[in-house]
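Just below is one structure, and these are the notes that go with it.
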Amino acid sequence: MESLLVIAVLCVATLLHSTTGFGTGLIAMPLLSLLIGVQDATALVAFAILGTTLLMLRRDLGHIEARSAWKLVVSSLVGVPIGIFLIANAPDDVIRRVLGVLLVAYAIYNLVGARVAKVNNPIWAYCLGFMSGVLGGAYNTNSPPVIVYATMRRWPPRIFRATLQAYFLPLALVVCIGHGVAGFWSKEILTAYLVFFPFSLVFLWFGKRISTWIPTASFYRVIYVAIILLGVLLLH
């Protein structure tokens, strides 16, 4: 029964990720932590994210905004050690909660009809990528700033999803390798992922189909709701 629930959670998370371009960790981590424990959930979700990003990137390879993706990756790598330093020295949870408030405010501002101006200046990629690295190093939560950056660029949905995968992939690979070095991998985790993998292909396909049915304006409303959810989770 527990195995079926684990697979079900991963399927729902994969469907969201395939539709919007992110969300596997958002859905899977809290639920799987209750089912199999934090350490096993962390390792399993890392495999799921890596597999999903690889498959989505292969699907949408020609739609990546490469200049933005590499700027986000490089600036994130600069921010990671600072995040590690902050988690050791800054007041507990202050940065995470401030970010949560900002995310909720940003998404509500857009949902009620106002619009943040479209940005093209590369400084935004460096700044928000750096913030993502800081959050990744401090709280293992690197996605919110890059999602905000993608909404500020007003990319069409397919470019939005593809560019996020190009950003997530190298970081997901590093995380998976780190988990292996730390001893998080186990026969049970690898078996669970292999059992889930065929289901992931099905739900990736469903997510792709759903995404093609959503008009661009509605797509961004879905993204803003997801950002609010991210912000609320960061406040806890």
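The values are calculated or read from the model by the stated rules, or taken from the named source; none is laboratory data. Values in this document were obtained by computation on a predicted structure and should not be read as measured data. Cβ: placed from backbone, ideal geometry, glycine included. Neighbour counts: every protein chain shown.
Of the listed requirements (1) buried (at least 16 other Cβ atoms within 10 Å of the Cβ); (2) over 16 Å from residue 222 (Cα atoms); (3) of a type outside the set (Ser, Thr, Tyr), residue 182 misses just one: (1).
I'd like to verify a number: residues in region 1-24 that are surrounded by fewer than 23 Cβ atoms within 10 Å (Cβ to Cβ) and under 11 Å from the mean Cα position of the chain (by Cα), how many?
The total comes to 1.
Put simply, of 234, 201, 190, 194 the only residue that is at pLDDT below 80 and of a type outside the set (Asp, Glu) is 234. Condition (residue is of a type in the set (Lys, Arg), more than 20 Å from residue 73 (Cβ to Cβ), assigned to a loop (DSSP other than H, G, I, E, B) and modelled with pLDDT under 85) applied to region 92-114: is it met by at least one residue? There is no residue in region 92-114 that is of a type in the set (Lys, Arg), more than 20 Å from residue 73 (Cβ to Cβ), assigned to a loop (DSSP other than H, G, I, E, B) and modelled with pLDDT under 85. Selection over region 52-68 of residues that are within 25 Å of residue 29 (Cα to Cα) and buried (at least 21 other Cβ atoms within 10 Å of the Cβ) gives a count of 3. Take the conditions (1) closer than 18 Å to residue 80 by Cα; (2) surrounded by 22 or more Cβ atoms within 10 Å (Cβ to Cβ); residue 170 misses just one of them, which is (2). If the condition is being at pLDDT below 80 and over 15 Å from residue 22 (Cβ atoms), then region 206-231 contributes 216, 217.
Residue count for region 149-189 under the criterion of being over 20 Å from residue 20 (Cβ atoms) and without any contact (Cβ under 8 Å) to a residue 40 or more places away in the chain: the result is 8.
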